[in-house]
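The values are calculated or read from the model by the stated rules, or taken from the named source; none is laboratory data. Bear in mind that the values here come from a model prediction, so they are computed numbers and not experimental data. Cβ placement follows ideal geometry from the backbone for every residue including glycine, while neighbour counts extend to all protein chains displayed.
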Amino acid sequence: MADLRELYQQIILDHNRSPRNFKQVPDASHSAEGTNPLCGDKISVSVKVAGDVIEDVGFQGSGCAISQASASLMTSAVKGKGVEDAERLFEAFHEMVTGPEGSAADRKALGKLAALAGVRQFPARVKCANLPWHTLHAALTGTGEPVSTE
Amino acid sequence: MVIRQASAAPAPSQQLDVERVRADFPLLRQTVRGKPLVYLDNAATSQKPQQVVDALQHYYTTENANIHRGVYKLSEESTAAYEGARSKLQRFINAAESREIVFVRGATEAVNLVAHSYGQTALGPGDEILLSQMEHHSNIVPWQLVAEATGAHLRVIPMTDEGELMLEEYDRLLSPQTKLVGVVHVSNSLGTVNPVKRMTELAHDRGIPVLVDGAQAAPHMPIDVQDLDCDFYALSGHKMFGPTGIGVLYGRAELLEAMPPYQGGGEMIRSVCFEKTTYAPLPTKFEAGTPHIAGAVGLGAAVDYLSGLSWEAIYAHEMDLLEYATASLEQIAGLHILGEARNKAAVVSFVLDGIHAHDIGTIVDQEGVAIRTGHHCTQPVMERLGVPATARASFAFYNTREEVDALASAIAKVREVFG
């Protein structure tokens, strides 16, 4: 149960139950769709970028607690940030869930996103946590191509 | 927890000695995180009895040589083992002739073979391929590919909320344009046992051939292709306690005779010159290249193993598990079982209110319980039932009521975690 508690922390359960920014941004400048063909998870991310700043961001879709919480935490984390800062956060997040255990400083830089560090112990679930980020990345880089975790 | 008693206990002679058969499956002795493995993902793949593992080892240590070629003793032995396996499979599904048994990689390749070889020649623009709504993707996508190539269209036999095919609709959909019916014998995601004999009869009344995907049926019930009267029947070895990478396409001889080869290569020819190649007779015409000889031998051992058990006893035991699991899981608040066909194999697909199937899968795994979560390669079924995914416990004859209890208490843990 110890690993499970680390995976399903209260903050994750909370963001799953009441996801933040669960919306289509009305005047979005960027958007993308993401799917995980393995489990059928679907997500769409819409972003309004003004200058180089993410003015608004939202997501919609269905999926497991990990993917929903990750999307919710992600939108909260990148709103109001520069596009480059968001991309850097994506790299740090990706490193946290796939790489070796990071330092306390790394975790601090990730803020609330660090709640998803427990995913590292569950290789089958890493894709769930990453899907929203890949989709955001696709939206921001404007490839317009649907993203797949496969 | 209310426990429904199994109806009509089978006669003692027909009772399955579960502890004895479990002892034949070495993998089931494993523990996961200090807890006994509870393997309930048999619809994905089954575990292998020691007899199959031994047959593979025996083949590789004493009989291995290429078949049908060498004039030396070892090659003769290898050929005899391979062709012996074919005869075992023929008897197992009661095919009229052993040349109607084509060894393939699995049910997926069996369907692809028919789609490619039969479909490419029999289908043209405007023709229809009639498939059921509960087909596995492996009995959908090959037909989409051939439809694209030939200008044919797919039509779909709808199903009810309970997960039963609508036979009246099926009857209506059979038309002069229908050139083939493809239907799954037992649904992998819902457990529905389809009335394939009756469906074949209705199709044959109009001269339409029928392909049955039997991958999920073979581990649960005796198969008699002559009684079903179907034209093609697909099997996957690994789902019926045999090795991975081997399966069977049964095809009615006159249909197979008329079909062009699926793949070209060695073995499948009679004579080759650059102007013209003539093909080998059945079934070799469809077995280009060196086949999975060891796999066929292992699958032969698997059907030997099954033949040593009683189907009546297996059926009684699995129905007991199905009833017990259904009753146990129904007691769990917020749990809904999907697939309530009257005729059902031991598969229980379910969802929990507010909790995604993947989260269920991860949490029960911590208790040593292996179940499948997701769309089970049946996205049209998920779409029809309005769920993105389900959790699925699928049973084999070696599972026990205690394992159902372990599943139920693992699901209780899911509730605990999610609060």
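I want to confirm something. Restricting to the stretch B:106-126 and keeping residues that are among the small types (Gly, Ala, Ser) and buried (at least 19 other Cβ atoms within 10 Å of the Cβ), which single residue is nearest to residue B:138 (Cα to Cα)?
By that ranking, first place goes to B:107.
For (1) touching a residue at least 40 places away in the same chain (Cβ under 8 Å); (2) within 30 Å of residue A:66 (Cα to Cα); (3) within 14 Å of another protein chain (Cβ to nearest Cβ), each residue gets a yes or a no:
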site: B:273; (1), (2), (3): no, no, no
site: B:278; (1), (2), (3): no, no, no
site: B:313; (1), (2), (3): yes, no, no
site: B:319; (1), (2), (3): yes, no, no
site: B:357; (1), (2), (3): no, yes, yes
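Let me spell it out: the conditions are (1) closer than 24 Å to residue B:386 by Cα; (2) away from chain B (no Cβ under 11 Å); (3) in contact with a helix residue (DSSP H, G or I) (Cβ under 9 Å, 6 or more places away or on another chain), and residue A:13 meets all of them except one. Which number is the exception?
Among (1) closer than 24 Å to residue B:386 by Cα; (2) away from chain B (no Cβ under 11 Å); (3) in contact with a helix residue (DSSP H, G or I) (Cβ under 9 Å, 6 or more places away or on another chain), residue A:13 violates only (2).
Among the listed residues B:193, B:184, which satisfies the condition of being of a type outside the set (Gly, Ala, Ser), closer than 30 Å to residue B:350 by Cβ, in contact (Cβ under 8 Å) with a residue 40 or more places away in the chain and touching an Asp or Glu at 6+ places or on another chain (Cβ under 7 Å)?
The conditions single out B:184.
Just checking, which of A:40, A:58, A:34 is in contact with a helix residue (DSSP H, G or I) (Cβ under 7 Å, 6 or more places away or on another chain), buried (at least 24 other Cβ atoms within 10 Å of the Cβ) and not aliphatic (A, V, I, L, M)?
After applying the criteria, what remains is A:34.
Which is aliphatic (A, V, I, L, M) and either without any contact (Cβ under 8 Å) to a residue 12 or more places away in the chain or assigned to a strand (DSSP E or B) (or both), of B:297, B:248?
B:248
Does residue B:332 meet the test of being touching a residue at least 40 places away in the same chain (Cβ under 8 Å), within 14 Å of chain A (Cβ to nearest Cβ) and farther than 30 Å from residue B:167 by Cα?
no
Pull out all pairs, ordered by first then second residue, where Cβ-Cβ is under 8 Å, the residues are six or more apart or on different chains, the first lies in the stretch A:122-137 and is within 12 Å of chain B (Cβ to nearest Cβ) and over 13 Å from residue A:98 (Cβ atoms), and the second is part of a helix (DSSP H, G or I) and of a type in the set (A, V, I, L, M, F, W, C).
If the second residue must be part of a helix (DSSP H, G or I) and of a type in the set (A, V, I, L, M, F, W, C), the pairs left are A:131/A:71.
Of the conditions (1) surrounded by 24 or more Cβ atoms within 10 Å (Cβ to Cβ); (2) more than 12 Å from the chain's Cα centre (by Cα), residue B:195 fails just one. Which one is it?
If we test residue B:195 against (1) surrounded by 24 or more Cβ atoms within 10 Å (Cβ to Cβ); (2) more than 12 Å from the chain's Cα centre (by Cα), just (1) comes out false.
Taking interchain pairs and intrachain pairs at least six residues apart, which have beta carbon atoms under 8 angstrom, with the first residue in the stretch B:61-75 and assigned by TED's automatic domain parsing to the domain that holds residue B:290 and under 19 Å from residue B:288 (Cβ atoms) and the second aromatic (Phe, Trp, Tyr) and not in a loop (DSSP other than H, G, I, E, B)?
Partner pairs satisfying both residue conditions: B:67/B:82.
Could you list, in sequence order, all residues of the stretch B:96-107 that are in contact with a Ser or Thr (Cβ under 9 Å, 6 or more places away or on another chain), closer than 12 Å to residue B:248 by Cβ and assigned to a helix (DSSP H, G or I)?
Hits for the stretch B:96-107 are B:98, B:107.
For the stretch A:1-42, how many residues meet the condition of being hydrophobic (A, V, I, L, M, F, W, C) and farther than 27 Å from residue B:411 by Cα?
4
Would you confirm whether any residue within the stretch B:5-16 is at pLDDT 95 or above and not polar (S, T, N, Q)?
So far as the stretch B:5-16 goes, yes, one or more of its residues are at pLDDT 95 or above and not polar (S, T, N, Q).
I'm told residue A:117 meets every condition in (1) modelled with pLDDT of 95 or more; (2) out of contact with any Leu (no Cβ under 7 Å at 6 or more places or on another chain) except one. Can you identify the failing condition by its number?
(1)
Say whether the condition of being basic (Lys, Arg) and either under 27 Å from the mean Cα position of the chain (by Cα) or not in a loop (DSSP other than H, G, I, E, B) (or both) is met by at least one residue in the stretch B:52-70.
no
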